[in-house]
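S.K.: The structure is given below, and queries will be raised subsequently.
The values are calculated or read from the model by the stated rules, or taken from the named source; none is laboratory data. The structure displayed is predicted, hence computed values, not measured ones. Reconstructed Cβ throughout: ideal geometry from the backbone, glycine too, with neighbour counts over all protein chains shown.
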């Protein structure tokens, strides 16, 4: 009997020792886990696009100002335009896929429409076509209403008749409808088009808002490179090897200006604003370009029509002012005024361009 109780006591002590060791191991594992969690850097969730409505509670006044600018009108709903008839069913060919010569019918009244880009092109999705977004039609003013015509007319099937081609709108949308490509709730140009995706900023605690969004490499505010993402108009070469002054994006020949080379200026934002238009609807610091220039050049006699010349032969109304500010004058270009392009044939200008852009010297 005595031996039996000795056995029971020994077994109990053994079990207590086992549980104690297990507890120590658990505590050690928990401690290691806590240490690992402290040592491991926290990975911030990848920011996503949330749309302008998510910004309104804190930045409502800024959004109101922005909505009065041309940027905010880059993409508008089709309902903003009074058409001469109903949205039709059209037979389309895929302009993004030259190997696809099979047409498809698209009922525009039921299609996924993104809106009207720059008051001209109707953007839509075309099922089974190669690209994500297409210019499926063009709005043409007819009195106080609009007719719908082909965005691009091409004889795709070689039957001697012009076909209604859906033109790939991806490159246009990058600047005029960036929200479509990023799948943002705001499909046109929005806060996030310049400031970047805002989900992390929206979700951050008040004391952590600053630095939770990146518009540029150095700041949560846009800089010149942000602007030039859409507004860069560097020269290029045509298929004959002739240098051409690019006229489409709005900052033609900026690279050649003393402003671009100055370290004393804040780039684009020295003259422009990003949110608020002036009395003339322009994103300028003052109500006229002359007033902006006078901020630094008061009393200087200059002719802005010559300093910031416009393309006299452009067929699409891309008449943005030259931004070389006299460094590359139109009358010295060597341009053939009978052509749509602005040729750069002046040897001094050619040299200037090729030094700035070595790839164009090849």
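S.K.: State all residues of region 336-359 that are touching a residue at least 40 places away in the same chain (Cβ under 8 Å), outside any helix (DSSP H, G or I) and touching a strand residue (DSSP E or B) at 6+ places or on another chain (Cβ under 8 Å); if no residue qualifies, say none.
M.R.: Listed by number, the residues that qualify are 341, 342, 343, 344, 345.
S.K.: Another question, then. Within region 320-335, can you find the residues that are in a loop (DSSP other than H, G, I, E, B) and touching a helix residue (DSSP H, G or I) at 6+ places or on another chain (Cβ under 9 Å)?
M.R.: 320, 321, 322, 323, 324, 325, 326, 327, 328, 329, 333, 334
S.K.: So, residue 354, is that one at negative phi and modelled with pLDDT of 95 or more or not? Break it down stepwise before answering.
M.R.: Details: at negative phi: yes; modelled with pLDDT of 95 or more: yes.
For residue 354, the condition - at negative phi and modelled with pLDDT of 95 or more - is met.
S.K.: Check region 123-131 and report whether any residue there is in contact with a strand residue (DSSP E or B) (Cβ under 6 Å, 6 or more places away or on another chain) and without any contact (Cβ under 8 Å) to a residue 12 or more places away in the chain.
M.R.: No - not one qualifying residue is present in region 123-131.
S.K.: Among residues belonging to region 210-245 that are at pLDDT 90 or above and assigned to a loop (DSSP other than H, G, I, E, B), point out the one that is nearest to the chain's Cα centre (by Cα).
M.R.: Per the criteria, the residue is 234.
S.K.: Something else now. Tell me yes or no: at least one residue of region 137-160 is in contact with a helix residue (DSSP H, G or I) (Cβ under 8 Å, 6 or more places away or on another chain) and at negative phi.
M.R.: No, that holds for no residue.
S.K.: Further question: Considering only region 133-208, give the strands (runs of 3 or more DSSP E) lying wholly within it that have at least 3 residues that are assigned by TED's automatic domain parsing to the domain that holds residue 104 and in contact (Cβ under 8 Å) with a residue 40 or more places away in the chain.
M.R.: 134-142, 145-149, 163-168
S.K.: Here's something else I'd like to know. Taking only region 246-261 into account, find how many residues are within 22 Å of residue 177 (Cβ to Cβ) and either surrounded by 15 or more Cβ atoms within 10 Å (Cβ to Cβ) or under 14 Å from the mean Cα position of the chain (by Cα) (or both).
M.R.: 5
S.K.: Tally the residues that are surrounded by 15 or more Cβ atoms within 10 Å (Cβ to Cβ), under 30 Å from residue 111 (Cβ atoms) and more than 19 Å from the chain's Cα centre (by Cα), restricting the search to region 55-79.
M.R.: 1
S.K.: While we're looking at this one, here's another question. Using the structure shown, decide if residue 107 is without any contact (Cβ under 8 Å) to a residue 60 or more places away in the chain and either touching a helix residue (DSSP H, G or I) at 6+ places or on another chain (Cβ under 6 Å) or farther than 12 Å from residue 165 by Cβ (or both).
M.R.: Yes, satisfied.
S.K.: Might you let me know whether region 273-288 holds any residue that is over 30 Å from residue 56 (Cα atoms), without any contact (Cβ under 8 Å) to a residue 40 or more places away in the chain and in a loop (DSSP other than H, G, I, E, B)?
M.R.: Checked region 273-288: no residue is over 30 Å from residue 56 (Cα atoms), without any contact (Cβ under 8 Å) to a residue 40 or more places away in the chain and in a loop (DSSP other than H, G, I, E, B).
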